[in-house]
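The values are calculated or read from the model by the stated rules, or taken from the named source; none is laboratory data. Every value quoted in this text rests on a predicted model; they were computed, and no experiment measured them. Note: ideal-geometry Cβ built from the backbone for every residue, glycine included; neighbour counts use all protein chains shown.
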Amino acid sequence: MHAVKIGRYLLAFVIIMTGAIIYGKGGYVDYRHLKDILASLQEENSHTAQENDALKEEILLLGNDLMYIERIARQELGLVRTDETVYRFIEEHPLKGVNKTRVDDTQPTQP
């Protein structure tokens with residue numbers, strides 16, 4: 001009878017400790033959550049490192065490559081050389097000058 005009582009206390013202790021290990025502060029649930037956060041931060045860090053590498057490359061090009069600088073000036077600022085002629089084509093809007101009100105053919109028009 002005394003052994004059964006000790007067994008029950010031991011079983012209760014094991015169940016309580018298992019719950020504390022799994023759900024307690026610093027337990028398995030916290031570990032999994034922190035592991036997910038770590039993976040997310042590592043991915044973000046990798047992405048940021050790639051962006052930094054691309055920006056470093058662009059800095060080198062802007063400092064040393066005149067053709068790259070010219071291409072950027074043309075694309076972003078619309079600059080042209082002095083020996084070039086710029087042509088601008090103005091397109092009329094297809095509905096320009098068209099009456100936008102709807103005409104109902106079923107009703108006679110009033111004079």
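The table below lists the values:
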| item | result |
| --- | --- |
| Of all residues making up the range 60-80, the number that are surrounded by 10 or more Cβ atoms within 10 Å (Cβ to Cβ) and either of a type outside the set (Val, Ile, Thr) or assigned to a helix (DSSP H, G or I) (or both) | 12 |
| Subset of the range 1-30 [of a type in the set (D, E, K, R) and in a loop (DSSP other than H, G, I, E, B)] | 25 |
| The range 49-107 - residue that is among the hydroxyl-bearing types (Ser, Thr, Tyr) and modelled with pLDDT under 90 and, of those, nearest to the chain's Cα centre (by Cα) | 87 |
